[in-house]
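Visitor: Right, I'll just put the structure down here and ask away after.
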Amino acid sequence: MPTWPNVRADFPVLHQQVNGKPLVYLDNGATSQKPRSVIDALVHYYERDNSNVHRGLHTLSMRATDGYEGARTRVARFINAADPAEIIFTRGTTEGINVVARSWGHAHLKPGDIVLATGMEHHSNLVPWQQAARASGATFKFVPVLGADAEGGLDLAALDQLLTPQVKVFAFTHISNTLGTINPAAEFCRRARAVGAVTVIDAAQSVGHGPLDVQALGCDFLAFSGHKMCGPTGIGVLYGRRALLDKLAPDETGGGMVVSVTYEAATWKPAPERFEAGTPNVADAIALGAACDYLDALGRDQIAAHDALLAQYAMEQLSVLPGIRIIGPRVGAPRSGLVSFAFEGVHAHDIVTFADEDGVALRGGHHCNQPLMRHLGLTSTTRASFYLYNTEQEIDVLVASMRRILKFFGTA
Ligand code: C6P
């Protein structure tokens, strides 16, 4: 049973030196570290239960099937889905959104329709919709991000104007991976529903960082990745409302998802099998279930509160650095556990390389947000992203590292 005072002890990877300094891992927006219980779940599966699922009647196959389907039920509980059949295992957020954009988009979009996204979408929730619009003859539009005087939020007045009955789908991120903005997802779903639009939430940056209830949000589809929430890479989830999933044609076909096949044709199983052709990623699904156990045992409200405290502390400490431009919500405004910033005249890649010398892992670049970067007049930012095992002391190390960099570049 994990407890807050011992949380760092649960993550083996944190206890190492990098370049002769204690590792300060602040790249959780890219991927989180894994607790021992998740690593153990993987090892246990491969050492004792490894088998294919849904196909065999022998003991190991039944154990693997129970583990895999148990993980589906566990994930359903994690996001309060009404039915485990609404949980489709994918490779990650990107695949989940692509499945909806292709399956749902192909079936429902036509010329004259509008596909709506926002100006802060990760490429994974932007490009698939551009493609779906192009393929169907629909028009792609986006809700702009407010300008430099109110960075971080979406232009809600523009949203009111854009949400017309022509909008068939509204795809938006719950939390921006670059700005740290937390979007009012339940309100967006309510407004979209009022014009008959289907909603697709990119929950990559939110699901592991606080409570999430798909029924309370009222969304139609929601996608996330296991690796950003203490789970393994290569596994993710597409949640879809049962009534919608059962009407969708599969995006991929093959073994495991068919009821009956002749040389001429095939019929499909219902969701979720319909969307899981081929041998699934059994081990990682089971380990994702273990990650859900871990996060729930720590308390998801507490994780959100911890993230928020670290983000505000980082904002206060970083904002006094000379020449810094912090992107996203202002000091004191709600923001998720990440801070993106830029220094005039110093490239983000140089900052990340220097910080690595101090043992600090950051991310620098456009964060798969090229249109947003252009909108902000930047080519890249440096991003520090926090998680449940990070501390204020680590933020002090980050700030000291930034001071060293500024001195080197002669800007402080
Ligand atoms: N963002 C980051 O460093 P995948 O790669 O499929 O697991 O997740 C894609 C994705 C989708 N939406 C959002 C909001 C995301 O942040 C990400 C992944 C990483 O910010 C890698 S670019």
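The values are calculated or read from the model by the stated rules, or taken from the named source; none is laboratory data. These numbers come from a predicted model, not from an experiment. Positions of Cβ are generated from backbone atoms using ideal geometry, with glycine treated the same way; all protein chains shown enter the neighbour counts. When the accessible area is computed, the model is the full protein with side chains, heavy atoms only, and any ligands, DNA or RNA have been set aside. Shrake-Rupley method; radii C 1.70, N 1.55, O 1.52, S 1.80 Å.
Visitor: For residue 230, enumerate residues with amide H under 5 Å from its amide H, sequence gap 5+ or separate chain, H modeled in the peptide plane.
Guide: 32
Visitor: What ranking of 347, 174 comes out by heavy-atom accessible area, probe 1.4 Å, highest first?
Guide: Sorted by accessible area, descending: 347, 174.
Visitor: In nm, what is the difference between 0.36 nm times the number of residues separating residue 187 and residue 17 and their Cα-Cα distance?
Guide: Full extension from residue 187 to residue 17 adds 56.7 nm.
Visitor: Under a point-charge model restricted to the Cβ atoms of Lys and Arg (+1) and Asp and Glu (-1), what is the dipole moment magnitude of the chain relative to its Cα centre, in debye to the nearest 20?
Guide: Value, rounded to 20: 500 debye.
Visitor: Sum -39500 (n - 2.57) across every DSSP H segment of at least 4 residues in the chain, then divide by the residue count to get the 222 nm mean residue ellipticity, nearest 500.
Guide: Helices in the chain give a 222 nm mean residue ellipticity of -11500 deg cm²/dmol.
Visitor: Pull out a ≥ b ≥ c, the square roots of the eigenvalues of the alpha-carbon gyration tensor of the chain, then state rounded if a/c is under 1.5, prolate if not and a/b is larger than b/c, and oblate in the remaining case.
Guide: oblate
Visitor: A further question on this structure: Which of rounded, prolate or oblate describes the stretch 58-179 when judged by the alpha-carbon gyration tensor and an a/c cut-off of 1.5?
Guide: prolate
Visitor: Explain nothing, just compute: Karplus ³J(HN,Hα) = 6.51 cos²θ - 1.76 cosθ + 1.60, θ = phi - 60°, for every residue of the stretch 222-231 in order, whole Hz, x for Gly and Pro.
Guide: 8, 10, 8, 10, x, 6, 8, 10, 6, x
Visitor: Report, to the nearest whole %, how much of the accessible area of the stretch 307-385 belongs to carbon and sulfur atoms, 1.4 Å probe, protein only.
Guide: So the carbon and sulfur contribution to the accessible surface is 56 percent.
Visitor: Turning to a different aspect of this structure: In the chain, if the dipole is taken from +1 on Lys/Arg beta carbons and -1 on Asp/Glu beta carbons about the Cα centre, which of 57, 406, 272 is farthest to the positive end?
Guide: So the residue we want is 272.
Visitor: Continuing with this model, one more query. For the chain, compute the number of Lys pairs whose alpha carbons are separated by less than 17 Å, excluding pairs fewer than 8 positions apart on the same chain.
Guide: 6
Visitor: Accessible area of the stretch 40-296 with a 1.4 Å probe: how many percent of it is carbon plus sulfur?
Guide: Looking at the stretch 40-296 in its full context, I get 54 percent from C and S.
Visitor: Could I ask something else about it? Just flag the trypsin sites (Lys or Arg not before Pro) in the stretch 155-230 sitting in loop per DSSP whose Cβ has no more than 11 other Cβ atoms within 10 Å.
Guide: When the trypsin sites (Lys or Arg not before Pro) of the stretch 155-230 are filtered for loop state and at most 11 Cβ neighbours within 10 Å, nothing remains.
Visitor: On to the next question. Roughly what would the spin-label model give for residue 156 and residue 135, points 7 Å off Cα along C-beta, in nm?
Guide: About 3.5 nm separates the two model spin labels.
Visitor: Under 5 Å between amide hydrogens, which residues at least 5 positions from residue 199 or on another chain qualify, with H placed 1.01 Å from N in the peptide plane?
Guide: When sequence neighbours closer than 5 places are left aside, the close amide H contacts are 170, 220, 221.
Visitor: List the longest stretch of the chain that has no exposed loop site; here a site is one of the GluC sites (Glu not before Pro) assigned by DSSP to anything other than H, G, I, E or B, with at most 12 other Cβ within 10 Å.
Guide: Here the longest run is 1-263.
Visitor: Roughly how tilted is helix 348-357, in degrees to the nearest 10 and between 0 and 90, from the longest Cα axis of the chain?
Guide: 80 degrees
Visitor: Given the options 93, 139, 262, which has the most mean-square fluctuation in a GNM of the chain, springs set between C-alpha atoms less than 10 angstrom apart?
Guide: In this elastic network of the chain, the residue with the biggest mean-square fluctuation among 93, 139, 262 is 262.
Visitor: Apply the Karplus curve 6.51 cos²θ - 1.76 cosθ + 1.60, θ = phi - 60°, to the phi angles in the stretch 81-89 and return the couplings in whole Hz, x for Gly and Pro.
Guide: Going residue by residue, I get 6, 5, 8, x, 5, 7, 9, 10, 7 Hz, with x marking Gly and Pro.
Visitor: If a/c stays under 1.5 just call it rounded; otherwise compare a/b with b/c (prolate if a/b is bigger, oblate if not). Do that for the stretch 166-283, with a ≥ b ≥ c from the square roots of the Cα gyration tensor eigenvalues.
Guide: Oblate, since a/c reaches 1.5 and b/c is not below a/b.
Visitor: Relative to the present Cα-Cα distance, how much length would full extension add between residue 30 and residue 320 at 0.36 nm per residue of separation?
Guide: Here the segment from residue 30 to residue 320 would lengthen by 101.8 nm.
Visitor: Hey, another quick one. Which trypsin sites (Lys or Arg not before Pro) does the stretch 55-94 hold that lie in a coil by DSSP with at most 13 other beta carbons within 10 Å?
Guide: When the trypsin sites (Lys or Arg not before Pro) of the stretch 55-94 are filtered for loop state and at most 13 Cβ neighbours within 10 Å, 55 remain.
Visitor: Under 8 Å for C-alpha pairs, at least 6 residues apart: give me the relative contact order for the stretch 40-296, rounded to a whole percent.
Guide: It comes to 25 percent, rounded to a whole number.
Visitor: Still on this structure, I have one more. Pick out, from 223, 188, 243, the residue whose Cα sits farthest towards the positive end of the charge dipole of the stretch 40-296, with +1 on the Cβ of Lys and Arg and -1 on the Cβ of Asp and Glu.
Guide: 243
Visitor: Can you tell me the 0 to 90 degree angle between the C-alpha axis of helix 282-298 and the longest principal axis of the chain, rounded to 10?
Guide: It is inclined by approximately 50 degrees.
Visitor: OK, next. Averaged per residue, what accessible surface does the chain expose to a 1.4 Å probe, in Å²?
Guide: Counting only protein heavy atoms, the per-residue value for the chain is 41 Å².
Visitor: Among 225, 32, 61, which one shows the highest mean-square fluctuation when the chain is modelled as a Gaussian network with alpha-carbon springs under 10 Å?
Guide: Of the options given, 61 has the highest mean-square fluctuation.
Visitor: Using 1/(1 + (r/R0)^6) with R0 = 22 angstrom and r between the beta carbons of residue 8 and residue 233, what's the FRET efficiency to the nearest 0.05?
Guide: It comes out at approximately 0.55.
Visitor: With springs connecting C-alpha atoms under 10 Å apart, model the chain as a Gaussian network and identify which of 246, 202, 83 has the largest mean-square fluctuation.
Guide: 83
Visitor: Output wanted: per-residue J couplings in Hz (rounded whole) for the stretch 59-68, from phi through Karplus 6.51 cos²θ - 1.76 cosθ + 1.60, θ = phi - 60°, x for Gly and Pro.
Guide: So the J values, rounded to whole Hz, are 4, 5, 5, 5, 5, 5, 5, 4, x, 5.
Visitor: Stokes-Einstein diffusion coefficient for the stretch 241-351 at 20 °C in a medium of 1.002 mPa s, Rh from the Kirkwood formula over Cα pairs: what value in µm²/s?
Guide: 113 µm²/s
Visitor: Under a plain spin-label model, where a point goes 7 Å from the Cα along Cα-to-Cβ, how far apart in nm are residue 83 and residue 43?
Guide: Result for the modelled spin labels: 4.0 nm.
Visitor: Using only Cα atoms, find the angle between the long axis of helix 93-108 and the longest principal axis of the chain, and express it within 0 to 90 degrees, rounded to the nearest 10.
Guide: Helix 93-108 sits at roughly 50 degrees to that axis.
Visitor: Putting +1 on Lys and Arg Cβ atoms and -1 on Asp and Glu Cβ atoms, find which of 68, 305, 33 reaches farthest to the positive end of the dipole of the chain.
Guide: The listed residue farthest towards the positive side: 68.
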